[in-house]
Amino acid sequence: MASQTIASSMQPTDVYGGDEVSAIILDPGYSSVRAGFAGEDTPKSFVNSHYGVADGRSVFGDDAIHNPLAGLEIRNPMSKEGIVEDWDTATQLWEYAITSRLTSFKQSDPRTNGLNDDSKDIDIEMEGVDEGEKALEEHPLLMTETAWNTTKNRERSIEIAMESWGCPAFWLARNSVLAAFGAGKATALVVDVGASTTSVISIHDGLILKKSIQKSPLAGNWLSSQLRSLFSTTEPKVDLIPHYLISSKTPVDAGAPAQAVYRKYENNIPESFRALEEERVLTEFKESVVQVWTGPGRLGSANPAGTTNIDYVKAQPGRVFEFPDGANQMWGVDRMNVAEGMWDEKAALPVPGEPPVTKAQTIPEMVRASIGAVDMDLRAALLQNIVVTGGTSLVNGFTDRLHNELTAMYPGARIKIQAAGLTAERRFGSWIGGSILGSLGTFHQMWISRKEYEEFGANVVEKRCK
């Protein structure tokens, strides 16, 4: 028998999702904010989490913050651990991420918005016309958070969604759980290597096992600081000059000093702006040159041939990188040295002003600690379902090394690593999981509705979103 369609008067009004209304998925992190509609395969909106401040005014987005003429002080509303510190700015940043690409404020009624009135009758201030309108009145919002987010911050998230943005429904999900969902798994060991934090978390049936949460600062930004240490100690020394300071350059041979014409700026450019621009050059270097020694064994250990792995790497071809000022050279074993500290604390280069790397912060030790903190019966299932996500995990050779380290650590165990081959899928792993979850028919009854929020207050998020 054909299923009968429900008359619109009979349809439930508090169900969100499906084809009628698209939920918005918001995935904020230390380096970027990802936002987009549920059911899509990548986020439509990708905004840098850093923002600029000039004359007491905040500006957001790549076009605004990479402008050297504005004299911007660059800041970030998130802490190094991915937890919001400056709520006012974070709210503005997220609103920008959503409204700049996904929703704009609805067009107002042409009969009442004053746009068709005779211009001499206009005494009203235009800005006040749509004062009552909220950014997300028609869209439920699914937002991600870290596994170590605080209760106060979780409650603040739902307050912003309901009070400031007028969302009809809200849900808060852990980003590691969503990364596992995005890889099609409810039970998994999620290794997330982001910009500011690397975490290893065990998930069973869609729930985080609290004792298994391991995190360390050995992530993308740490890799950048390793590169800075390397550049200051290599011969010839590498001067890191960002793109905006170069007016023109002349090609030079490898290892020869740069021949470039530099730009001069009238106004004083803040240090924080220069640091952001240098980070862009370091990111290019990480993407094209840096590589992880894949194993077996550590980079400094001996191999069966009686030599060390370093000797073996020296015999391999290197990679050339040209800096913005035209200086270029071949990078051999050094390009593997910089990432080795993630696996072997003794190999980490010292960074001025930073404490030395400890064994517990390395990725193999975090996996060992996370697996060791869960029930014996779950360990085999977790080792067979390792999900690798996060932008820094795209460093060449990362997953091969992880596999070799874990095979050596758990001999005889069956180890299966799932790391998406597509760059976008690895970078946006938790957003994609949220997109899948938000578009599922079975998820509709999970949303925290506005009615529930009004009845129970902000604490409802603690009770419902585990």
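The values are calculated or read from the model by the stated rules, or taken from the named source; none is laboratory data. Fair warning: this is a prediction, and the values are worked out from it, not measured in the lab. Here Cβ is always computed from backbone atoms with ideal geometry, including for glycine, and neighbour counts include all displayed protein chains. Accessible surface areas use protein heavy atoms only, side chains included; no ligands, DNA or RNA. Shrake-Rupley method; radii C 1.70, N 1.55, O 1.52, S 1.80 Å.
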Problem set entry | Flag if Lys264 is open to solvent by 40 Å² or more (accessible area, probe 1.4 Å), part of a loop (DSSP other than H, G, I, E, B) and farther than 24 Å from Val357 by Cα | yes
Exercise. What is the residue count in region 382-402 for residues that are open to solvent by 40 Å² or more (accessible area, probe 1.4 Å), more than 23 Å from Trp431 (Cβ to Cβ) and not polar (S, T, N, Q)?
Worked result: 1
Problem set entry | Tally, over region 135-162, of residues that are at pLDDT 75 or above and in contact with a helix residue (DSSP H, G or I) (Cβ under 8 Å, 6 or more places away or on another chain) | 17
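Yes or no, residue by residue, for (1) within 30 Å of Leu402 (Cβ to Cβ); (2) touching a residue at least 12 places away in the same chain (Cβ under 8 Å):
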| site | (1), (2) |
| --- | --- |
| Ser248 | no, yes |
| Ala258 | no, yes |
| Ile269 | no, yes |
| Leu282 | yes, yes |
| Ser301 | yes, no |
| Val320 | yes, yes |
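Quick grid of which residues meet (1) in a loop (DSSP other than H, G, I, E, B); (2) at pLDDT 95 or above:
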| residue | (1), (2) |
| --- | --- |
| Pro12 | yes, no |
| Val15 | yes, no |
| Pro43 | yes, yes |
| Phe46 | no, yes |
| Ala64 | no, no |
| Thr89 | no, yes |
Exercise. Taking region 27-57, which residues are surrounded by 18 or more Cβ atoms within 10 Å (Cβ to Cβ) and of a type in the set (Ser, Thr, Tyr)?
Worked result: Tyr30, Ser31, Ser32, Ser45, Ser49, Tyr51
Exercise. Pro355: open to solvent by 30 Å² or more (accessible area, probe 1.4 Å) and more than 27 Å from the chain's Cα centre (by Cα), yes or no?
Worked result: no
Exercise. Taking region 327-353, which residues are more than 18 Å from Gly194 (Cβ to Cβ), in a loop (DSSP other than H, G, I, E, B) and in contact with a helix residue (DSSP H, G or I) (Cβ under 9 Å, 6 or more places away or on another chain)?
Worked result: Gly332, Val333, Asp344, Ala348, Leu349, Pro350, Val351, Pro352
Exercise. If you scan region 237-246, which residues turn out to be of a type in the set (D, E, K, R) and touching a residue at least 60 places away in the same chain (Cβ under 8 Å)?
Worked result: Asp239
Problem set entry | Those strands (runs of 3 or more DSSP E) lying entirely in region 150-228 with at least 1 residues open to solvent by 30 Å² or more (accessible area, probe 1.4 Å), within 22 Å of Leu437 (Cα to Cα) and in contact (Cβ under 8 Å) with a residue 40 or more places away in the chain | 188-193, 198-204
Exercise. Has region 285-300 got any residue that is acidic (Asp, Glu), modelled with pLDDT of 90 or more and open to solvent by less than 50 Å² (accessible area, probe 1.4 Å)?
Worked result: no
